[in-house]
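Presented below is the structure to which this report refers.
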Amino acid sequence: MRKIEIQAPIFTNAKLFSEISGRSVKEIRHLCQTQVIPNEKSGRDYRIDTEESLRVLKERASDFTGHKYEMVAMRRPPKVPKLSTRNSARSGKKDAFLEKLAELITTDNGASA
């Protein structure tokens with residue numbers, strides 16, 4: 001096992017400890033709030049025991065066995081609603097328009113080829 005020596009102050013704040021540990025400031029603050037790493041609240045920030053906190057993070061990393069996923073049964077896809085035929089006269093006009101438009105597009109493509 002490699003040993004890495006870091007020159008860091010005995011106590012750090014969340015921002016400096018995040019730079020030392022390579023984790024985000026948000027995650028470090030969460031670890032402080034849940035008392036996972038040794039710290040004490042000082043005003044709006046945390047005073048973190050650097051050496052002990054690094055030891056705790058290293059221990060947690062070595063104990064980590066992976067995420068636990070639970071298999072979930074597949075659900076049926078939702079039913080697609082049917083189109084309303086309430087305005088059938090309108091839809092007939094729309095269909096006729098689309099057919100004529102399709103004819104124009106095909107005749108334009110045929111003429112240019």
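Any read-out appearing in this document is the output of simple, stated calculations on the displayed coordinates, not a laboratory observation. This is a predicted model, so every value here is computed, not measured. Because the Cβ atoms are built from the backbone with ideal geometry, glycine has one as well, and the counts that use them run over all protein chains shown.
Things to note:
- For peptides 6-13, 62-69, 96-103, sequence by mean Cβ density within 10 Å, most packed first: 6-13, 96-103, 62-69
- Rg/Rh for region 11-63, where both radii come from Cα atoms and Rh is the Kirkwood radius: 0.92
- Where trypsin sites (Lys or Arg not before Pro) fall in DSSP loop in region 27-61, at most 12 other Cβ within 10 Å: Arg44
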